[in-house]
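Right, one structure below, let's go through it.
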Amino acid sequence: MIRVVLPVHLQTLAKVKREVQLDIEGPVTQRTILDALEATYPTLRGTIRDQATQQRRPLLRFFACEEDLSHESPEIPLPDEVVSGKEPFIIVGAMAGG
Amino acid sequence: MSSVRVLVGTRKGAFILTSDGKRNKWDVSGPHFAGLEIYHLKGSPVNPDRIYASQTSAWFGQIVQRSDDGGQTWEPVGNQFAYHGDPGTHQWYDGTQHPWEFKRIWHFEPSLTDAETVYAGAEDAALFRSNDGGQTWDELPGLRDVKGSLWQPGAGGMCLHTIIQDPSNEQRIFVAISAAGAFRTDDGGQTWRPITRGLLSPYELPDPDADVGHCVHNLAMHPSRPDVLYMQKHWDVMRTDNAGELWHEISGNLPSDFGFPIEVHAHEPETVYVVPIKSDSEHYPPDGKLRVYRSRTGGDEWEALARGLPQSNCYVNILRDAMAVDTLDECGVYFGTTGGQVYASANAGDTWEPIVRDLPAVVSVEVQTLP
């Protein structure tokens with residue numbers, strides 16, 4: 001069971017609490033997590049990655065195990081702690097001043 | 001008794017203001033979509049309880065929200081706005097060509113005849129249409145064939161912000177795009193042509209009367225005279241009497257002919273409203289006095305409407321989609337400011353009162369007149 005933490009506006013949009021859980025068969029990567037997340041909650045399509053390019057939105061970040069994984073390839077397997085469900089995959093809205 | 005529902009989009013959510021036909025007591029609902037930027041809300045003239053809202057966010061992109069109960073509850077519908085085919089490139093700030101990239105929806109225009117059909121104006125500029133209540137969207141790509149590679153963004157972005165349907169001819173639609181111009185289709189959106197003859201932009205364009213590139217801020221039409229359009233251009237207030245074949249200036253005695261919105265009285269096709277702004281570099285009213293200007297002669301002769309509006313130290317702006325009129329017997333006029341006020345006049349502009357004073361910056365105002 002993969003644990004995913006969502007920022008508040010996406011919780012509202014998907015009508016879920018802060019953390020959701022996903023079943024993923026096969027490799028657990030950024031791409032497979034986002035594929036599963038969008039399949040389970042279709043209203044999140046286009047909100048985390050661009051629907052045309054599949055690129056992460058510039059002001060979102062992906063954290064896990066106290067690391068910023070935002071700039072990693074979406075195909076790279078995620079840490080074992082995320083795969084086992086010990087640690088969540090965290091989607092964060094980047095800080096913005098003003 | 002008739003009532004009105006004012007739909008207000010702000011930088012931090014949407015608000016719905018309702019009143020009976022007297023328009024002196026208001027209920028305020030909101031914020032809806034709290035904390036998120038709402039560029040525009042508009043209801044269907046066929047089914048007024050169906051309202052579309054453009055929720056945009058630098059973080060989370062574009063969401064289209066739809067209500068089928070007059071704004072009490074909302075559900076997200078389709079948000080995939082894919083340009084038709086290979087959209088190619090347009091002019092960029094540095095003179096290079098830049099790929100067309102979808103950023104947000106600036107304006108929804110529900111069909112005059114079909115509750116399931118709605119048009120959406122996008123940045124980067126394009127016109128989309130949905131025939132299933134916003135679930136899916138298709139671009140009308142013929143618009144970008146009109147020298148789209150020469151269009152370039154202005155300071156506010158390359159946005160299609162105005163969509164006007166001809167009530168007497170469903171094949172005819174007018175649109176306006178910042179820093180690209182005004183365009184018309186006569187075949188339901190298949191093909192388009194610029195309608196800019198008579199516009200002059202000597203300080204913005206190297207060729208002052210080019211057919212594309214004019215920074216059109218807003219258009220308005222009275223439904224009884226679909227060949228008459230009014231335009232607030234970057235500078236100049238303009239009018240055409242032949243559906244855009246030729247424009248002439250009607251700025252007349254305005255203290256400044258720079259501004260953003262323009263509206264027409266619901267029952268008097270020759271009565272027009274603008275809000276003069278000091279200049280393109282100082283986006284606030286001249287002399288710190290907030291004044292709507294009304295012409296009862298179709299332009300050229302303008303009177304200041306100031307009763308009830310702040311007449312000192314007022315430095316707000318009124319954005320292009322932030323003015324609207326209702327269709328009650330005594331026409332109501334509404335506008336919102338970047339300072340968070342929404343003002344209403346229940347007597348065609350003679351006097352004004354604030355409905356609310358302290359909303360987030362107002363981006364758009366629309367009004368529905370309900371039976």
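The values are calculated or read from the model by the stated rules, or taken from the named source; none is laboratory data. If you're wondering where the values come from, they're calculated on a predicted model, not measured in any experiment. Here Cβ is always computed from backbone atoms with ideal geometry, including for glycine, and neighbour counts include all displayed protein chains.
Regarding B:F108, is this residue modelled with pLDDT of 95 or more and facing chain A (nearest Cβ under 9 Å)?
no
Checking the conditions here, which among A:V4, A:V8 is of a type in the set (A, V, I, L, M) and out of contact with any Asp or Glu (no Cβ under 9 Å at 6 or more places or on another chain)? Give the derivation first.
Details: A:V4 fails: out of contact with any Asp or Glu (no Cβ under 9 Å at 6 or more places or on another chain).
None of the other options fit; the residue is A:V8.
Quick check on segment B:299-317. Is at least one of its residues at pLDDT 95 or above, out of contact with any Phe, Trp or Tyr (no Cβ under 9 Å at 6 or more places or on another chain) and among the β-branched types (V, I, T)?
Checked against the condition, which is being at pLDDT 95 or above, out of contact with any Phe, Trp or Tyr (no Cβ under 9 Å at 6 or more places or on another chain) and among the β-branched types (V, I, T), segment B:299-317 yields no hits at all.
Among the strands (runs of 3 or more DSSP E) confined wholly to segment B:118-174, which include 1 or more residues that are of a type in the set (G, A, S)?
Ranges flagged: B:118-123, B:126-130.
Output the residue which, of all residues in segment B:1-24 that are more than 21 Å from B:Y39 (Cα to Cα) and of a type in the set (D, E, K, R), is surrounded by the most Cβ atoms within 10 Å (Cβ to Cβ). I'd like the intermediate steps shown before the answer.
Applying the first criterion (more than 21 Å from B:Y39 (Cα to Cα)) to segment B:1-24 yields B:1-3, B:19-24.
Those still in the list that are of a type in the set (D, E, K, R) too: B:20, B:22-23.
On the way: B:D20: 14, B:K22: 12, B:R23: 22.
Step by step, filter segment B:1-24, then rank; the result is B:R23.
Being among the polar types (S, T, N, Q) and either within 14 Å of chain A (Cβ to nearest Cβ) or in a strand (DSSP E or B) (or both) is the filter here; which residues of segment B:8-39 pass it? Show your work before the answer.
Residues of segment B:8-39 among the polar types (S, T, N, Q): B:10, B:18-19, B:24, B:29.
Of everything in segment B:8-39, those that are among the polar types (S, T, N, Q) and either within 14 Å of chain A (Cβ to nearest Cβ) or in a strand (DSSP E or B) (or both) turn out to be B:T10, B:T18, B:S19, B:S29.
Only residues that are at positive phi and not charged (D, E, K, R): list them for segment A:10-65, please.
A:G26, A:G46, A:Q54, A:C65
For residues in segment B:230-249 being in contact with a Gly (Cβ under 6 Å, 6 or more places away or on another chain) and within 24 Å of B:L150 (Cβ to Cβ), which is surrounded by the fewest Cβ atoms within 10 Å (Cβ to Cβ)?
B:L246
Which of the residues spanning segment B:181-234 are basic (K, R) and in contact with a Cys (Cβ under 8 Å, 6 or more places away or on another chain)?
Matches in segment B:181-234: B:K233 only.
Conditions (1) within 17 Å of the chain's Cα centre (by Cα); (2) more than 14 Å from chain A (Cβ to nearest Cβ); (3) part of a loop (DSSP other than H, G, I, E, B); (4) surrounded by fewer than 16 Cβ atoms within 10 Å (Cβ to Cβ), marked per residue:
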position	(1), (2), (3), (4)
B:L41	yes, yes, no, no
B:N47	no, yes, yes, yes
B:Y52	yes, yes, no, no
B:D69	no, yes, yes, yes
B:Q80	no, no, yes, yes
B:D94	no, yes, yes, yes
B:D114	no, yes, yes, yes
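Go over the candidates B:V342, B:V325 one by one and state the one that is in contact with an Asp or Glu (Cβ under 7 Å, 6 or more places away or on another chain), at pLDDT 95 or above and hydrophobic (A, V, I, L, M, F, W, C).
B:V325
Going through segment A:7-43 one residue at a time, which ones are within 18 Å of A:P74 (Cα to Cα) and touching a strand residue (DSSP E or B) at 6+ places or on another chain (Cβ under 7 Å)?
A:L22, A:I24, A:P27, A:V28, A:T29, A:Q30, A:I33, A:L34, A:A36, A:L37
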